[in-house]
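First, the structure itself, so that you have it in front of you.
The values are calculated or read from the model by the stated rules, or taken from the named source; none is laboratory data. These numbers come from a predicted model, not from an experiment. Heads up, the Cβs are rebuilt from the backbone with ideal geometry, glycines too, and the neighbour counts pull from every protein chain shown.
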Amino acid sequence: MNTAATAPTAALPADDLLRAATVVHADDAGLVHLGVGAGTYTILVSGEQTAGRYTMIDMLVPAGGPPPHRHDFEEIFYVLEGELDITFRGEVHRVGPGHTINIPANAPHGFRVASATPARFLCICLPAGQEEFFKLVGEVLPSRTTPPTPPTPEVMAERREIMLANAARFHSEFLPPKAA
């Protein structure tokens, strides 16, 4: 018998009536859509809405992926469409629709779109904050399916500088290519 389920616990805090339920559709007009790299990232639920507990981002990525990196927050990917090769501590995991992968905090990782078609997946970061990083390095787009403007070499260099200058602020570190 699981005694943990029947053991007495401390009283739960009162319901915080200042917080509301968040109900959105990925194509809602009021959502923030960002061009990050080749992908379009739609912030479905922000840290502001969850009191900093988590953020959930709908990612539509036609090709490529981020450089190897690590950060001090948990990250969960749930694949809706396409396939990803997720490198975790040097081991590659091919994941497709219906797959979930949790990346523990501080673990080296990265991903690449492995399918011929774009990959669409949900990314949940716990605690929140990653959406603010994406706002710094991304281009605001009108919709979830709008592709980002292909960046010029100058824009790419500028975004890379912003990423590197703000990585520590957002508890992230970019790694050499073999480190993921």
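Within the stretch 72-88, work out how many residues are assigned to a strand (DSSP E or B) and without any contact (Cβ under 8 Å) to a residue 60 or more places away in the chain.
Summing the residues that are assigned to a strand (DSSP E or B) and without any contact (Cβ under 8 Å) to a residue 60 or more places away in the chain in the stretch 72-88 gives 11.
Residue check: is F134 within 17 Å of the chain's Cα centre (by Cα) and at pLDDT 95 or above?
So F134 fits the description; yes.
When you go through V61, V79, V92, V45 one by one, which is the residue that is β-branched (V, I, T), surrounded by fewer than 17 Cβ atoms within 10 Å (Cβ to Cβ) and modelled with pLDDT of 95 or more?
V92
Would you check which residues across the stretch 103-119 are part of a strand (DSSP E or B) and either surrounded by 20 or more Cβ atoms within 10 Å (Cβ to Cβ) or among the polar types (S, T, N, Q) (or both) and list them?
Across the stretch 103-119, the qualifying residues are I103, H109, G110, F111, V113, A119.
Of the residues E91, E132, which single one is out of contact with any Leu (no Cβ under 9 Å at 6 or more places or on another chain), of a type in the set (D, E) and free of Cβ contacts under 8 Å to residues at least 60 places away in the same chain?
Only one candidate qualifies: E91.
In the stretch 120-143, which residues are part of a strand (DSSP E or B) and surrounded by 13 or more Cβ atoms within 10 Å (Cβ to Cβ)?
Of everything in the stretch 120-143, those that are part of a strand (DSSP E or B) and surrounded by 13 or more Cβ atoms within 10 Å (Cβ to Cβ) turn out to be R120, F121, L122, C123, I124, C125, L126, E139, L141.
Filtering the stretch 144-161 down to residues that are under 28 Å from D27 (Cα atoms) and surrounded by 13 or more Cβ atoms within 10 Å (Cβ to Cβ), which residue is nearest to the chain's Cα centre (by Cα)?
So the residue we want is R144.
Can you say whether F111 is hydrophobic (A, V, I, L, M, F, W, C), under 20 Å from V45 (Cβ atoms), touching a residue at least 24 places away in the same chain (Cβ under 8 Å) and touching a Phe, Trp or Tyr at 6+ places or on another chain (Cβ under 8 Å), as far as the supplied structure shows?
So F111 fails the test.
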